[in-house]
1. What residue among A:Phe116, A:Val99, A:Pro356 has its Cα farthest toward the positive end of the dipole of the protein assembly as shown, where the charges are +1 on Lys, Arg and -1 on Asp, Glu, each on the Cβ?
2. Taking DSSP loops as anything outside H, G, I, E and B, show the longest stretch in chain A free of trypsin sites (Lys or Arg not before Pro) there with at most 12 other beta carbons within 10 Å.
3. According to a simple spin-label model (label point 7 Å from Cα along Cα-to-Cβ), what is the distance in nm between A:Ala15 and A:Leu395?
4. Along the charge dipole of the protein assembly as shown, pointing to its positive end and built from +1/-1 on Cβ of Lys, Arg, Asp and Glu, which listed residue (A:Phe504, A:Leu475, A:Trp336) has its Cα farthest out?
5. With just the Cα atoms defining each centre, how far is region A:249-299 from region A:41-117? Give it in Å.
6. Within 10 Å of each Cβ in peptide A:406-419, how many partner chain Cβ atoms are there on average? Round it to a whole number, please.
7. Rounded, prolate or oblate: which one fits region B:3-79, using the alpha carbon gyration tensor with axes a ≥ b ≥ c (rounded when a/c is under 1.5, else prolate when a/b beats b/c, else oblate)?
8. Give me the distance between the Cα centres of region A:371-421 and region B:93-162, rounded to whole Å.
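The values are calculated or read from the model by the stated rules, or taken from the named source; none is laboratory data. Everything numeric in this text was worked out from a predicted model, so none of it was measured. Please note: Cβ atoms are built from the backbone with ideal geometry, for glycine as well, and neighbour counts cover all protein chains shown. Side chains included, ligands, DNA and RNA excluded: accessible areas come from the protein's heavy atoms. Shrake-Rupley method; radii C 1.70, N 1.55, O 1.52, S 1.80 Å.
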Amino acid sequence: MHAPLKKCLKWSLAALLLLPLFYVNFLMYMSGNLLMAIGMLALLVIGIFIYANSKGYVYRYLFPGLLGFFIFVIFPLVYTFWISFHKYDAKNLLTRERVEGILRSETYEPEGATAFSYQIFRTEKESDYQIVLKAKNPPPPPAPAGQTAEASAEEDSESTAEAAPAPPEEKSFISPVFTLPAFEKNKVLVLNSENDMPEGDPLAIGDITRGKLHILLRDIKLQLPDEQIVGLSSLREFSTQKPVWSLKDDGSLENNQDGRIVRPNPETGFFETEAGEKVGVGFRTWTGAENYSRIVTDERIKKPFARIFVWTFTFAFLSMATTFALGMFLAVLLEWEGLKGRKFYRTLLIFPYAVPAFLSILTFQGMFNQEFGAVNEFLGALFNISPEWNSNPWLARLMILIVNLWLGYPYMMIICTGNLQSISKNIYEASAIDGSNPWANFRRLTLPLVLPPMVPVLIASFAFNFNNFNLIYLLTAGRPRMVGGSGIAGETDILVTYTFNLAFKNSGADYGLASAIATILFVIVGILAWLNLKKTQGSAS
Amino acid sequence: MNLETKLKTRKFFAHLFLILFILMIMTPFLTVIASSFSRGHFAPSKLFPTEISLNHWKYVLGIPHEEVVNITTGETRIIKADVVPILWFWNSIKISVIASFGILLLSGTCAYAFARMKFAFKEQTMTGLLILQMFPMVLALVAFYTILEFIGQFAPSMGLNTHAGLTLIYLGGVSIYIWMIKGYFETISTSIEESARIDGASPFQAFIMILLPMSAPIFAVVFILSFISYMSEYPVASVVLQTGEKWTLAVGANSFLYEQQKLWGRFSALAVLSGIPITVLFIICQRFLVSGLTAGGVKE
């Protein structure tokens with residue numbers, strides 16, 4: 001009795017969970033993302049198979065974690081790799097289909113266009129509107145044309161909802177409810193005469209201009225029941241429009257106004273005429289290894305890239321070496337059994353590691369301020385000097401290393417302490433009899449024993465600092481700027497901050513180049529990780 | 001000089017060095033505290049504020065207060081933050097806690113399969129997980145942006161500028177934690193689980209009822225490490241979260257320090273307020289962490 005009930009409950013729960021997912025999958029398919037929809041469907045089917053079939057038992061444990069890993073690690077990696085072979089920047093941002101769509105939605109007002117007066121109503125929801133169009137010059141005028149036009153114009157300006165039932169020859173076209181600002185440019189709304197007349201009063205012309213609605217309305221196109229397209233032509237008027245570009249059979253676009261013919265040019269990523277005249281915005285396009293070759297051939301990229309490359313390695317190595325040296329020294333010192341209060345010292349020494357790093361880094365940014373910071377105040381009072389931490393590239397680099405030493409030594413100290421404690425104390429007794437000094441002890445006995453198990457930690461530290469984005473970005477943001485570069489590169493930038501700036505903090509938004517550098521970075525760090533793995537496995541066995 | 005006095009001088013210098021070193025290490029904390037209680041916005045420079053004012057604290061806590069807006073005329077105005085900065089702290093805690101629990105769930109189950117079960121390409125998958133994770137999150141931002149934009153079309157509550165979207169991205173970073181937990185599982189003998197299996201327990205029951213309770217320490221370590229790393233994460237949050245009320249602590253704190261105008265006072269108050277609980281948590285959990293770090297040997 002209970003077993004079937006339990007089974008029934010299980011299945012209905014599963015159905016409850018799966019139905020929304022299938023619905024989303026359906027929505028995805030309906031919105032034209034065929035590839036993504038197939039991908040999601042495949043994942044759903046795999047998921048159902050794994051959890052319903054006993055053969056997939058192991059994968060029940062792996063599926064959720066690996067799914068997250070696949071979507072948010074592997075996919076971004078592949079996507080970045082793919083972008084690195086494309087021209088993809090602020091000028092060539094959209095897909096070719098989107099650019100073609102934008103061109104084809106451009107309209108112009110032909111000769112003899114029909115004009116419409118309009119009323120706009122705000123619905124209860126603040127950003128939702130409805131629009132009502134009325135023909136200004138109805139084609140077969142029953143009365144003298146001028147009069148009607150005037151009359152209707154007058155009526156418009158003071159008409160209210162009660163005046164809605166219009167004379168039969170003066171048809172109103174009513175839009176569905178829409179939102180301003182429009183989500184997509186040149187959205188087409190289909191009007192008809194049967195829609196319900198909106199309630200309340202239309203907005204006065206003052207409300208329209210104050211809310212900048214006349215600007216937002218330009219992004220909206222209305223379609224009349226006879227399939228004519230109507231767009232805003234002046235503050236008070238809509239008029240019939242015609243598309244500027246029409247698609248020809250061979251895939252080119254023809255301009256209806258001046259007869260120009262443009263074709264997409266995959267080399268430049270623009271729609272161009274025969275003469276090479278560019279029209280509209282650019283689109284993403286495949287360029288092969290061009291982004292990679294730019295790194296070694298383009299002077300404006302090559303020079304800063306080479307310097308940043310060298311600094312990144314130097315920074316990562318020195319950070320690793322200094323933090324290790326200080327951490328090791330403190331760990332050895334605190335292993336000295338004769339020293340009192342070791343526990344107390346150790347707790348305080350871990351402090352820099354306990355505070356969230358970004359807060360410390362930002363604080364140091366203030367402390368190293370050339371004019372007002374604590375460091376220069378201290379140095380000024382003691383030695384009467386005030387180093388230019390912010391404008392001298394070498395001092396800025398020194399500052400970065402000092403701050404990173406502060407941030408990084410506690411971790412090294414913790415690990416070194418762990419390793420030191422595993423060394424048998426007996427070995428020191430032998431050397432104590434010899435009367436050797438602590439330094440010789442350390443060099444001849446401790447270091448050779450502690451260093452091998454530390455190798456993976458050192459490699460990990462190198463790899464971590466190699467991509468230590470927060471430190472550089474929050475401390476100097478790459479400043480001071482590199483002279484003679486393209487204006488993006490800074491003297492203290494490391495590759496990862498440089499790449500971030502290339503993609504996100506620069507008007508060029510060069511995603512293609514940024515992705516190429518990202519790919520190179522990944523290869524370097526990937527090799528380090530692999531080496532590390534070999535070392536760890538080596539020391540474990 | 002005999003051996004004993006030599007040892008004594010050495011001890012004296014060791015203490016002197018450690019005390020001076022610790023004083024030096026602590027100055028940043030002291031200057032930040034001083035700066036948060038100062039009047040006006042000065043870069044952290046003094047150990048003690050010259051003129052004590054609670055304005056920055058009031059601002060950060062969202063309490064309306066009077067502040068001089070024009071130094072020459074002495075004109076004052078009542079100031080209240082549009083987005084109360086303490087909200088960023090709450091956002092950070094919320095996202096980090098949820099993401100860390102998610103990480104425990106995802107990496108714990110995966111680690112169990114890797115440690116206790118046999119399947120095709122197990123070793124290769126493990127190696128692949130570790131190496132692929134080396135791809136820095138910062139550089140995948142273009143892709144993250146595209147993914148969230150896409151998800152947002154179908155589920156706006158998980159798209160761009162949402163905490164759920166950011167949490168989803170954070171959940172991708174499981175592999176290091178899988179390695180840590182798997183390493184710990186492997187140090188636990190399988191004999192108890194095996195005898196439970198003989199008594200009729202399913203692998204899932206063995207996992208939940210036997211292995212999990214024995215692995216509590218490593219789960220604590222993973223939780224704390226991932227919590228701290230998510231609290232500090234800046235680049236992804238700064239691109240995904242676009243409006244002030246959604247920001248995390250790292251994004252919000254940095255927003256006080258524009259290039260043109262650095263509001264050190266407000267930054268300091270926020271830093272002290274949010275830094276203290278995290279630091280205290282860390283010091284309390286230190287013992288766990290030290291063992292976890294030395295065992296795993298992997299940071300971040």
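1. The listed residue farthest towards the positive side: A:Pro356.
2. Value returned for the longest uninterrupted segment is A:1-124.
3. That separation, rounded to one decimal, is 7.4 nm.
4. Highest projection toward the positive end goes to A:Trp336.
5. Region A:249-299 and region A:41-117 have Cα centres spaced 23 Å from each other.
6. Mean shielding count: 2.
7. Judged from the Cα gyration tensor, region B:3-79 comes out prolate (a/c at least 1.5, a/b above b/c).
8. Each part reduced to its Cα centre gives a spacing of 35 Å.
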